[in-house]
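The values are calculated or read from the model by the stated rules, or taken from the named source; none is laboratory data. Keep in mind that what you see is a predicted model, and the values were worked out from it rather than measured. Please note: Cβ atoms are built from the backbone with ideal geometry, for glycine as well, and neighbour counts cover all protein chains shown. Side chains included, ligands, DNA and RNA excluded: accessible areas come from the protein's heavy atoms. Shrake-Rupley method; radii C 1.70, N 1.55, O 1.52, S 1.80 Å.
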Amino acid sequence: MTITRISLAALAASAIMAIAAQAETLRLSHNVGDTTTWQQGAEKFGELLSEKTGGAYDVRVFPNAQLSGGDQMKQAEMVGRGALDLVVTSAINVTPLVPEMAVFSLPYMYSDYAQVDATTQGQAVKPLEAILDQKGIKVLAWGENGFRELTNNSRPVKSPADMKGLNIRVAGPMYIDVMNALGANPQQMQWSETLTALQQGVVDGQENPIGAVIIPQQVYEMQKYLTTWHYSYDPLFLGISKAKWDSLDAETQAKFQEAATEAMAFQRQISREGTDKGVAFLKEKGMEVYEPTPEELAAFREATKPAFDTWAAKVGPDLVKSFQDAVASAQ
Ligand code: X2X
């Protein structure tokens, strides 16, 4: 009796070890710090995937674009050719590979989350998913970086005139045009170098979402002024290399899909919660927060219109129109 018990236990233990030994480790890259909602969403995906596949897969999360030498724009291309298994990144970082991805972040495309969800959680994103698929990236689910808000260390910004001459770090090419339209001096820089640049005063300011980035990366430690101008929205997506995806059987694919959908729903939720509570938190931390009136927002929208038009042409009028239609349907 005792012997049977022992050997059963030993058998169970060796079975567990065999499963653990067989677990395949997938590498997931993202390009912000490990305190962010990007990291939390990525970790959640790993947990859910492991659960759903009985431990067959293990996701290792690499923050700060470590796996692409600090280059946040290179991750998508690496996933595309199968050099990385998985990526969580924002649409902006994919615009060098797929210019159409700029559609989300066109200045003042959206004014609220209902409008955002009408696109990212609906049919409007399907043509983008098809383009990414051709580049070797299968989009599993859409998450959220969020509405990008301006911070700087020089002065409160209430109008386009206040932007004149400010040195603003930007992530990608569209924002160079937007900042130029506002009279600021844009400087494109990797996120991984931006915190140091802000600290050392190399640039006066930057723009990023409150819940996903500004708070978890403690941007308030080095920036005095924040303007909630909601000028540009930025989604995240969780993507898998098409080569990896195509190697999975249908049942396993369904588990990846479920894990991704749940993880990105969680990630959107915590980003929004962080943003909702964020302004009060940032004031507590000593930031001077300016929330523009509807008239002031209209002035920013008007001033950024030339950049909207330039980039709408690059994105393509049909895609822009389908996004605008989805946005209008949410009202
Ligand atoms: O670099 C940025 O500003 C960030 C973190 O928001 C992006 O990845 C676009």
Long-range amide H partners of G146 with built H, under 5 Å: D234
Long-range amide H partners of T89 with built H, under 5 Å: F237, G239
Karplus-derived HN-Hα couplings along the stretch 144-158 (A = 6.51, B = -1.76, C = 1.60, θ = phi - 60°), whole Hz, x at Gly and Pro: 9, 7, x, 6, 8, 10, 8, 10, 7, 10, 9, 6, x, 10, 10
Surface accessible to a 1.4 Å probe, R60 within the full protein complex, Å²: 140 Å²
Approximate spin-label separation K126-A330, in nm, with each point projected 7 Å along Cα-to-Cβ: 1.9 nm
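In the structure shown, do any of K52/K74; K52/K242; K74/K224; K44/K126 have a Cα-Cα gap over 28 Å, and if so which?
Details: K52/K74 30 Å; K52/K242 21 Å; K74/K224 32 Å; K44/K126 24 Å.
Too far apart for the 28 Å limit: K52/K74; K74/K224.
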Using a Förster distance of 51 Å, the FRET efficiency for E291-Q22 (Cβ separation, nearest 0.05): 0.45
Amide H within-cut-off set for W229, under 5 Å, with H built and near neighbours excluded: L150
Percentage relative contact order, the stretch 2-329, counting C-alpha pairs under 8 Å, at least six apart: 25 percent
Karplus 3J(HN,Hα) series, Hz, for the stretch 60-66 with 6.51 cos²θ - 1.76 cosθ + 1.60 (x for Gly, Pro): 9, 9, 10, x, 6, 6, 4
All-pairs alpha carbon distance profile, the stretch 193-304, 5 Å steps from 0, percent: 2, 9, 15, 16, 15, 13, 9, 7, 6, 5, 1
Residue-by-residue Karplus 3J(HN,Hα) for the stretch 38-44, coefficients 6.51, -1.76, 1.60, Hz, glycine and proline x: 5, 4, 4, x, 5, 5, 4
In degrees, nearest ten, helix 2-22 long axis to first principal axis of the chain (Cα): 40 degrees
Nearby lysines by direct alpha-carbon distance to K305 (threshold 24 angstrom, same-chain neighbours under 8 apart not counted): K158, K164, K314, K321
Solution diffusion estimate, µm²/s, Stokes-Einstein, the chain, Kirkwood Rh from C-alpha pairs, 37 °C, viscosity 0.692 mPa s: 158 µm²/s
Packing-based order for 50-57, 248-255, 219-226, using average beta carbon neighbours within 10 Å, highest first: 219-226, 50-57, 248-255
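What translational diffusion coefficient, in µm²/s and rounded to a whole number, does the Stokes-Einstein relation yield for the stretch 59-182 at 25 °C and a viscosity of 0.890 mPa s, taking the hydrodynamic radius as the Kirkwood radius over Cα pairs?
150 µm²/s
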Label-reachable residues, the stretch 138-177, where backbone N falls under 19 Å from a point 7 Å from D112's Cα toward its Cβ: 146-148
Amide N of the stretch 150-170 lying under 18 Å from the label point, which is placed 7 angstrom from the Cα of K314 along Cα→Cβ: 168-170
Computed label-point distance, nm, for sites Q66 and K277 using a 7 Å Cα→Cβ extension: 2.8 nm
